[in-house]
Amino acid sequence: MHKIEQFRFASSYDEAMAFLKGNPMQEYRIVRSGDRPLVFSGELLKSVETPDLSTSDKARSRKFVMALYRTESGKLVAELRYSSAFPSEPPVADAEVFDSPNADEITDWYNEAAGMTDDGPGIVRGPHPGTPNWEKRTREIKAAMSLEFDRCLGVILDLPMFEERV
């Protein structure tokens, strides 16, 4: 990727300025639910989040954020965050370190971190039981969030390092 393209995809002003100064590495501190924060020096390769679906009742006020970083030592750090405005769905923040760009391992980790099942992401609980049509609405919400989760994962896996050469 050319320097101007990398600048255009910078996720923040600080990252863009660090890159222009010739140092794309910066310090990151990723908070993880139920675990110690992960701290490293590296660069953000890609960050993507689900769109604000607040205009749709199916996934209102729920959001996934996925990011992939490369550390100074060449390892990869995958990050997943989930937030919801609903008290029955606590926020989730997790990250994992990988020695190499193995698409299958990283996909498996993202799916596990989101609690993905055939019914959708397990961390998405849906409406409170007792809410009218809560089973149907839960299925609809999980289906909508599953589509967005898959789209985000596809953006992460679209990086050149994951290309399969034949």
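The values are calculated or read from the model by the stated rules, or taken from the named source; none is laboratory data. Please read all numbers here as calculations on a predicted model, not as lab measurements. Positions of Cβ are generated from backbone atoms using ideal geometry, with glycine treated the same way; all protein chains shown enter the neighbour counts.
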| query | For region 57-103, what are the residues that are within 19 Å of Leu147 (Cα to Cα) and among the hydroxyl-bearing types (Ser, Thr, Tyr)? | reply | Ser61, Tyr82, Ser83, Ser84
| Under the condition of being in contact with a helix residue (DSSP H, G or I) (Cβ under 7 Å, 6 or more places away or on another chain), closer than 16 Å to Met66 by Cβ and in a loop (DSSP other than H, G, I, E, B), which residue from region 112-162 is modelled with the highest pLDDT? | Ala114
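Would you mind finding the one in Phe19, Phe64, Phe98, Phe7 that is modelled with pLDDT under 95, surrounded by fewer than 16 Cβ atoms within 10 Å (Cβ to Cβ) and of a type in the set (Phe, Trp, Tyr)?
Values: Phe19 fails: surrounded by fewer than 16 Cβ atoms within 10 Å (Cβ to Cβ); Phe64 fails: surrounded by fewer than 16 Cβ atoms within 10 Å (Cβ to Cβ); Phe98 fails: modelled with pLDDT under 95.
Of the residues listed, the single one that is modelled with pLDDT under 95, surrounded by fewer than 16 Cβ atoms within 10 Å (Cβ to Cβ) and of a type in the set (Phe, Trp, Tyr) is Phe7.
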| field | Given (1) touching a residue at least 60 places away in the same chain (Cβ under 8 Å); (2) under 12 Å from the mean Cα position of the chain (by Cα), number of the condition Glu96 does not satisfy | value | (1)
